[in-house]
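Below is one structure, written out as structure tokens; comments come after it.
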Amino acid sequence: MKDRINKILNHHLFIENLEKNRTAEADRRFCRHGMEHFLDVARIGRIINLEENLGIPTELIYGAALLHDIGKHRQYEEGIPHEQASALIAPEILRECGFTENETSVITDAILAHRNSDVISERNLRGVLYRADKASRPCFACRAEPDCNWKDGRKNKEILY
């Protein structure tokens, strides 16, 4: 598993876009979209997968988690929804890191759906990525929470996983 995931971490497009996210969010008070968030999502996704015996390969979970917000900077810069921007960046990285066309398609589809609450009950990568992404946010410990534009029903007021 580690080879393809570590290739993502070292891929020039991943590194470039991660740095663009960091620069775009340098003064952001709210949740950021960098390596800490990506790894939180990956690890929570793996927990969900194991606890629910879903059988999703760990590499797919980590690939999706590492890339789901990689295009966030384009949302700030160009107004492109970040799930779409990320889904445009991800395929080249995935292919060059050894993922098959089918795996690339599954991961890209999950990236596109990770903001769609309709997938919450799906027992596949789309549902896992959505739930892990939302569960990764520690609203209960955030100083900016009172000013956050997330509706109260979406904010994590307790630890979920």
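Quick notes on this structure:
- Residue, nearest to Asn21 (Cα to Cα), within the range 34-61, restricted to residues that are among the acidic types (Asp, Glu) and assigned to a helix (DSSP H, G or I): Glu36
- Extreme residue, nearest to Arg123 (Cα to Cα), among residues of the range 24-42 that are in contact (Cβ under 8 Å) with a residue 60 or more places away in the chain and open to solvent by 20 Å² or more (accessible area, probe 1.4 Å): Asp40
Yes/no per residue for (1) open to solvent by 60 Å² or more (accessible area, probe 1.4 Å); (2) hydrophobic (A, V, I, L, M, F, W, C); (3) in contact (Cβ under 8 Å) with a residue 40 or more places away in the chain:
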site: Ile56; (1), (2), (3): no, yes, yes
site: Ile61; (1), (2), (3): no, yes, yes
site: Glu83; (1), (2), (3): no, no, no
site: His114; (1), (2), (3): no, no, yes
site: Ser121; (1), (2), (3): yes, no, no
site: Gly127; (1), (2), (3): no, no, no
site: Lys157; (1), (2), (3): yes, no, no
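- Meets criteria (open to solvent by 10 Å² or more (accessible area, probe 1.4 Å) and either over 22 Å from Thr23 (Cα atoms) or in contact with a Lys or Arg (Cβ under 8 Å, 6 or more places away or on another chain) (or both)) for Glu78: no
- Unique match (being of a type outside the set (Gly, Ala, Ser) and part of a helix (DSSP H, G or I)) among Arg123, Arg115, Arg95: Arg95
The values are calculated or read from the model by the stated rules, or taken from the named source; none is laboratory data. The model shown is predicted, which means the values in this text are computed figures rather than measured ones. A quick note on method: Cβ atoms are made from the backbone with ideal geometry, for glycine too, and the neighbour counts reach across all protein chains shown. These area figures cover heavy atoms from the full protein model, side chains too; ligands, DNA and RNA do not enter into them. Shrake-Rupley method; radii C 1.70, N 1.55, O 1.52, S 1.80 Å.
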